[in-house]
Amino acid sequence: MNPQMGRMGAEDPPGGSPHRATRHAVTLVPGDGVGPEICDATVRVLEATGVEFDWDVQQAGDRAIKEFGTPLPPHVLDSIRKNRVALKGPITTPVGSGFRSVNVALRQELDLYALVRPVRAYKGARNLRDDLDFVIIRENTEDIYAGIEFEQGTPDAKHLIEEISGLLKKRIRPDSGLSIKPISITGSERIVQFAFDYARNNKRRKVTAVHKANIMKHTDGLFLAVARQVAEKNKDIEFEDRIVDNMCMQLVLRPREYDILCCPNLYGDIISDLGAGMIGGLGLAPGANIGSNGAVFEATHGSAPKYAGQNRVNPMAVMLSGVMMLRHLEEHDAAHALETAIADVIALGKSVTYDLKEKRDDPTAVGTSQVADAVVAQLRSIGPIQPAPGV
Ligand code: NAD
C-alpha cells in the first residue's frame, strides 16, 4: 500500500522533518487493567511519527485510589484543563465499592459533551463488510448516565415513588429502584449542532438522529424536536431520524445509507459496540470526547482486567484514538501516515493480536508491544511523511 522510500536511521523520526515548530503538551492517563500497556504502545507509535509531545502522566483509577483515596483526583482534571488534550487508557469501575464510573465523571466534570466514534472497516480485519464508514456522535453528559439514581428500599426512593404516583396517577411498584433520565433542550441543541458541524468539516453528507421518541415522548421526543429545529438551520447537510431499534437493524442490513448518527447517551453507547462488532471488534474502535474545555481521546473498550499485564490485547483502538488526537492537534500529515501504517499492519495480517485472527487461540497472534514494533517499522518504511490528501 505504501511506497517504499528506503530505510531511515534508527534515531530518525520517519516524519523526516527535524524543525517542528510545535511541541504538544498532552495529559496521559494510562488507566487500569490493560491501559498502561496499550498506552505505552500508542505513545511509541505517536512519537515515531516525528510529532513531539510533552507527556504529563497522571494516574486515575485503581492507582489513584491507593495513592490519593479517590479514583479521580482534582489534579488530574486540572492537568487536562491546562493542556486541553488528553490520551487516556480505560479505567475500571469498581463494582459495589460506591465509586461511580471515573470515565463518566471525567466527561461530566470537563463537560466533554460530544463523544465521536468512527466506525471504519480496514482491509483484512474481520469486518461484517468491507465498505463500512460511518461515525457515531454520542451525547456525553445527560440521559440515563446523569447519575441520578434512587436505590430500592431507601426513604428517598419511597418518597419519590409516592410523589410520582400522586402526580401521574400511575402505580410504580413500591419495591422499585429508580434512575432518572434527563434530556434538555440545551444538551440536545449543542450535540446536534456538533454533529452538523462535524459533518461539514469532514465532508459528510447526512446526519441521522437516533431516538425512541415513540415511547419516551418528553425526553427522546424533546431530543427529536430539537434535532429537527437545528436541522432547519443546517440545510446544506441532509437530515433524517430513526428509531433506535430500527437503526440497529438498518446498520447491519444497509450501513452505506448512513453517515453520521447523532445519538443520546445510552443509544450511542450501545450502537458504538454494535459498530465495533461490525469492524472486527473492540480492538479497532477508537473514540474522542470533545467539549469546549478540551478533548480526551480513548478507545471504546474497557480495561479488560483478565488480560492485564499479559502483553496480549490489541493496542490499535488506542492508536487510532491517537490518530484522531493528531488530527485534533492539526498534525494531519502525521495522522494520515499513522493511520496508513496501522491499516497496512492489519492488511498484512502478520503482526496482529488474537482478536484479529479467525480463531482466538491462533498461535501466530502477536502481543501488544509487537504490534507497536510493526506499526513503527511500517511508518519507517513509508519514509518522510507526505502531505495528507485533501489537507
Ligand atoms: P472490556 O471492554 O474491558 O472487555 C470485554 C472483552 O472485550 C475483553 O474480555 C476482551 O475479550 C475484549 N477486549 C476488550 N478490549 C480489547 C482489546 N484492546 N483487544 C482485544 N480484546 C479486547 O469490557 P468489560 O469487561 O465490560 O469492562 C471491564 C472494565 O472496564 C469495567 O470496570 C468497565 O466499567 C470498564 N470500562 C471502562 C471504559 C472506559 O474507560 N472508557 C469503557 C468500558 C468499560
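The values are calculated or read from the model by the stated rules, or taken from the named source; none is laboratory data. What you see is a predicted model; the values in this text were computed from it and never measured. Don't worry about glycine lacking a Cβ; one is built from the backbone with ideal geometry, like all the others, and counts go over all protein chains shown. Accessible surface areas use protein heavy atoms only, side chains included; no ligands, DNA or RNA. Shrake-Rupley method; radii C 1.70, N 1.55, O 1.52, S 1.80 Å.
Conditions tested, residue by residue: (1) over 19 Å from PRO389 (Cα atoms); (2) within 16 Å of the ligand (Cβ to nearest atom); (3) among the aromatic types (Phe, Trp, Tyr).
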| position | (1), (2), (3) |
| --- | --- |
| SER321 | yes, yes, no |
| MET324 | no, yes, no |
| HIS336 | no, no, no |
| ASP361 | yes, yes, no |
| VAL366 | yes, yes, no |
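Of all residues in region 304-315, those that are more than 15 Å from GLY31 (Cβ to Cβ) have Cβ atoms under 9 Å from Cβ atoms of residues that are of a type in the set (Phe, Trp, Tyr) and surrounded by fewer than 20 Cβ atoms within 10 Å (Cβ to Cβ), 6 or more apart or on another chain, in ARG312/TYR354; ASN314/TYR354. Remark: pairs (first residue in region 146-159, farther than 22 Å from ASP269 by Cβ; second residue outside any helix (DSSP H, G or I) and aromatic (Phe, Trp, Tyr); Cβ separation under 7 Å; 6+ apart in sequence or on different chains) = ASP156/PHE150; ALA157/PHE150. GLN152 meets the stated requirement of being in contact with a Gly (Cβ under 7 Å, 6 or more places away or on another chain), open to solvent by 70 Å² or more (accessible area, probe 1.4 Å) and modelled with pLDDT of 95 or more.
Rundown of residues vs (1) free of Cβ contacts under 8 Å to residues at least 24 places away in the same chain; (2) open to solvent by less than 30 Å² (accessible area, probe 1.4 Å); (3) more than 11 Å from the ligand (Cβ to nearest atom), yes/no style:
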position	(1), (2), (3)
ASP241	no, no, yes
CYS248	no, no, yes
ARG254	yes, no, yes
GLY302	no, no, no
ALA317	no, yes, no
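Could you tell me whether any residue of region 46-56 is in contact with a Gly (Cβ under 9 Å, 6 or more places away or on another chain), within 16 Å of the ligand (Cβ to nearest atom) and either at pLDDT 95 or above or under 24 Å from GLY147 (Cα atoms) (or both)?
Quick first cut of region 46-56, residues in contact with a Gly (Cβ under 9 Å, 6 or more places away or on another chain) only: 46, 48-51.
Adding the requirement that they be within 16 Å of the ligand (Cβ to nearest atom) leaves none.
No: region 46-56 contains no residue that is in contact with a Gly (Cβ under 9 Å, 6 or more places away or on another chain), within 16 Å of the ligand (Cβ to nearest atom) and either at pLDDT 95 or above or under 24 Å from GLY147 (Cα atoms) (or both).
Take the conditions out of contact with any helix residue (DSSP H, G or I) (no Cβ under 9 Å at 6 or more places or on another chain) and farther than 27 Å from THR27 by Cα and apply them to GLU330. Does it pass? Give the steps one after another, and end with the answer.
On the way: out of contact with any helix residue (DSSP H, G or I) (no Cβ under 9 Å at 6 or more places or on another chain): yes; farther than 27 Å from THR27 by Cα: no.
Here the answer is no, as GLU330 does not meet what is asked.
Among the numbered conditions (1) in a strand (DSSP E or B); (2) in contact with an Asp or Glu (Cβ under 7 Å, 6 or more places away or on another chain); (3) not aromatic (Phe, Trp, Tyr), the only one that PRO118 does not meet is (2).
For LYS158, the conditions (1) surrounded by fewer than 17 Cβ atoms within 10 Å (Cβ to Cβ); (2) under 25 Å from the mean Cα position of the chain (by Cα) are fulfilled apart from (2).
Among the residues of this structure, ILE80 does not count as one that is surrounded by 16 or more Cβ atoms within 10 Å (Cβ to Cβ), in the same structural domain as SER321 (by TED's automatic domain parsing) and either touching an Asp or Glu at 6+ places or on another chain (Cβ under 7 Å) or not hydrophobic (A, V, I, L, M, F, W, C) (or both).
The residue list LEU77, LEU112, LEU72 contains one member that is part of a loop (DSSP other than H, G, I, E, B), over 23 Å from GLY309 (Cα atoms) and not basic (Lys, Arg), which is LEU112. Of THR92, THR70, THR49, all but one fail to be in contact (Cβ under 8 Å) with a residue 60 or more places away in the chain, open to solvent by 10 Å² or more (accessible area, probe 1.4 Å) and β-branched (Val, Ile, Thr); the exception is THR92.
Looking at GLY294, GLY268, just one residue is more than 21 Å from ASP373 (Cβ to Cβ), more than 15 Å from the ligand (Cβ to nearest atom) and open to solvent by less than 10 Å² (accessible area, probe 1.4 Å), and that residue is GLY294.
Sort through LEU224, LEU261, LEU329 and tell me the only one that's free of Cβ contacts under 8 Å to residues at least 60 places away in the same chain, hydrophobic (A, V, I, L, M, F, W, C) and away from the ligand (no atom under 16 Å from the Cβ). Break it down stepwise before answering.
Values: LEU261 fails: free of Cβ contacts under 8 Å to residues at least 60 places away in the same chain; LEU329 fails: free of Cβ contacts under 8 Å to residues at least 60 places away in the same chain.
The match here is LEU224.
For first residues located in region 342-370 and within 21 Å of GLN310 (Cβ to Cβ) and open to solvent by 50 Å² or more (accessible area, probe 1.4 Å), partners that are in a helix (DSSP H, G or I) and modelled with pLDDT of 95 or more and lie 6+ apart or on another chain with Cβ distances below 6 Å form the pairs ARG360/TYR354.
Might you let me know whether region 81-96 holds any residue that is modelled with pLDDT of 90 or more, farther than 25 Å from LEU274 by Cα, away from the ligand (no atom under 14 Å from the Cβ) and assigned to a loop (DSSP other than H, G, I, E, B)? Yes, because at least one residue in region 81-96 is modelled with pLDDT of 90 or more, farther than 25 Å from LEU274 by Cα, away from the ligand (no atom under 14 Å from the Cβ) and assigned to a loop (DSSP other than H, G, I, E, B).
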